[in-house]
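A quick write-up on the structure given underneath.
The values are calculated or read from the model by the stated rules, or taken from the named source; none is laboratory data. Note that the structure is predicted; figures quoted are calculated from it, not measured. For neighbour counting, all protein chains shown are included, and Cβ atoms are generated from backbone atoms with ideal geometry for every residue, glycine included.
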Amino acid sequence: MTFLCRLSDLEPTGARGVVLADGRDIIVVRSDDGIRAFTNACPHQGVPLETFPDRFLDADRKLIVCSAHGARFRPADGLCTAGPCRGKHLPGIPIVIVDGAIEMADAADA
């Protein structure tokens, strides 16, 4: 497993970007639907979702927003509900939570 962040690093409705040693860029988001992780790349053009570090959510802290073209994604499943990639998904990353640590699950753990 690969450590991403601690539960305590996320507000009740918050998100955090993590760049792994191998260069993979990941967003970890905590919402009313739970904690999920996604590849930090908009399906529209493959650019990172945020302009400023860890600023992934809209003003209501309900949706993930791509700052490049305004696409909106549900934190529950990464589905784009508005914008140029409507109907597409952010690629999900399987995670596990162990002793307050959010970790990327290995294939055998997922």
**Request:** Take residue 52 and decide whether it is closer than 17 Å to residue 14 by Cβ, of a type in the set (Phe, Trp, Tyr) and part of a loop (DSSP other than H, G, I, E, B).
**Result:** yes
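Among the residues of segment 31-48, which ones are among the aliphatic types (A, V, I, L, M) and in contact (Cβ under 8 Å) with a residue 24 or more places away in the chain? Before the answer, list the steps.
Taking segment 31-48 and keeping what is among the aliphatic types (A, V, I, L, M), we get 35, 37, 41, 47.
Selection gives 35, 37, 41.
Any residue at all in segment 80-92 that's under 19 Å from residue 11 (Cα atoms), in contact with a strand residue (DSSP E or B) (Cβ under 7 Å, 6 or more places away or on another chain) and modelled with pLDDT of 95 or more?
no
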**Prompt:** Would you call residue 51 touching a Ser or Thr at 6+ places or on another chain (Cβ under 7 Å), of a type in the set (Val, Ile, Thr) and loosely packed, with under 14 Cβ neighbours inside 10 Å?
**Reply:** yes
**Item:** Within segment 3-47, considering residues that are among the hydroxyl-bearing types (Ser, Thr, Tyr) and surrounded by 16 or more Cβ atoms within 10 Å (Cβ to Cβ), the one nearest to residue 86 (Cα to Cα)
**Value:** 39
**Asked** Somewhere in segment 95-103, is a residue in contact with a helix residue (DSSP H, G or I) (Cβ under 7 Å, 6 or more places away or on another chain), within 21 Å of residue 2 (Cα to Cα), buried (at least 17 other Cβ atoms within 10 Å of the Cβ) and not aromatic (Phe, Trp, Tyr)?
**Response** yes
**Message:** Being surrounded by 14 or more Cβ atoms within 10 Å (Cβ to Cβ), of a type in the set (D, E, K, R) and assigned to a loop (DSSP other than H, G, I, E, B) is the filter here; which residues of segment 63-85 pass it?
**Reply:** 74
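Okay, residues lined up against (1) at pLDDT below 95; (2) of a type outside the set (Asp, Glu):
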| position | (1), (2) |
| --- | --- |
| 8 | yes, yes |
| 16 | no, yes |
| 22 | yes, no |
| 59 | yes, yes |
